[in-house]
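Working notes for the structure below.
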Amino acid sequence: MASSSSSLPEEPPILSTVDLEIRDTSGYASSDSGYSEALLSTASITSSIYQYELENGRTYHAFARDKKHVLPNDEIEQERMDIHYHSMRLTLEETHFFAPLQTPPGPRMILDIGTGTGIWAIDVADEYPDAQVIGADLSPIQPSAVPPNLEFQIMDADEEWNFSQKFDLVHTRLMNGFSIKSWPFFYEQAYKSMLPGGWVENQEFDLAFMSDDGSLSPSSATQQWLDLWNLGISNLGLTGRCDPEYMAREMATAGFVNVSIRAYKMPIGPWPKDKRLRQAGLLFLVGYLEGLSGLSLRTFTYGLGWGVEEMEVLLAKVRTEVKSKKLHCYVPVYVVTGQKPEGAAT
């Protein structure tokens, strides 16, 4: 289990001078479209998918009209996704996945559910050029210049999966219960979409800020926001919590074996002594501050009935608190992995 210290670095990085390395895809020919011709010729992508809904100054994808998909899909949110990708990568010891497929010949068919901006899928396609990688998401927000072994598809993971391929790795990251409505359904669909011996891996965080030194007060604005957010998301029939034991049980129920759970701590802010975790914490904090409004809007307005101005007053207090050097919080991160039996039917 990854560890973190509650001691502050002597000279923590300054938030305003963060220099985040953004992946440059200019090395790929612009003709290397991430969307396959077969996909583009079907009804899988229709003009309605691109008709984003504008609400409170933010855009949401076309499948979100039931208001139950709480996150926007605009440039601000995409930047937040990429920042938190780097934070998660550092928290997980710079490992893309833990399923034992890294050794030759490595994975051949990889499916990334909830691919977002496609950044994980791009990195994995680069690392495994002999593998075919598919990134699937509700929103077509991925870049067009990508590795030639990567394509993107539009899909709702809460609906029946209809892939023609079979995969030896099915992956999610930061989906939680507010993007995946039913883990039992997810594992059922993953199982039928996988090759015998293939692996499913969920890398998820539990939206519950914790502090081992008591620096997060129950009466703080940050804890108030967290409690209200979890109440609001619950009122929408969703959850931001991650229960790895439940996920592991449902994996096993779906037929997966060799199920395991790994636990980590993703710091909120640059307070750990460890350099890698300090950087992970800084990135998580920057992404959290960047995405706090988008994360809160639908949850507070639809889930709690709050007005936007009332919500922003609370968010201003939260931003002030989380930037304080006195707060030593972290988010629990869990990696739940399971294997489809070698002798299972395809």
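Count Lys and Arg as plus one, Asp and Glu as minus one, and take only other residues whose Cβ is under 14 Å from that of L174; the net charge is then -3. Spin-label model, T253/A344: points 7 Å from Cα along the beta carbon direction are separated by 1.6 nm. Tell me whether the stretch 258-346 comes out rounded, prolate or oblate; compute the Cα gyration tensor, take square roots of the eigenvalues as a ≥ b ≥ c, and use a/c under 1.5 as the rounded threshold. Oblate is the answer for the stretch 258-346, as a/c is 1.5 or above yet b/c matches or exceeds a/b.
Each residue of the stretch 196-320 gets 144 Å³ once the volume of the Cα convex hull is shared out per residue. One chain, two ends: L231 and K317. Fully extended at 0.36 nm per residue, the span grows by 29.1 nm beyond their Cα-Cα distance.
Working note: Karplus 6.51/-1.76/1.60 with θ = phi - 60° gives the stretch 84-91 the couplings 6, 4, 5, 4, 5, 4, 5, 4 Hz, where Gly and Pro are set to x.
Close amide H contacts of M109 (hydrogens built in the peptide plane, cut-off under 5 Å, sequence separation of 5 or more or a different chain): Q132, D168, L169. Modelled this way, with points 7 Å down the Cα-to-C-beta line, the labels at E160 and D213 are 5.5 nm from one another. Estimated at 0.36 nm per residue, the fully extended path between D274 and T103 surpasses their Cα-Cα distance by 58.7 nm.
FYI, it's all coordinate maths here, none of it is from the lab. Computed from a predicted structure; not experimentally measured. Using ideal geometry, Cβ is built from the backbone for each residue, glycine included, and neighbour counts are taken over all protein chains shown.
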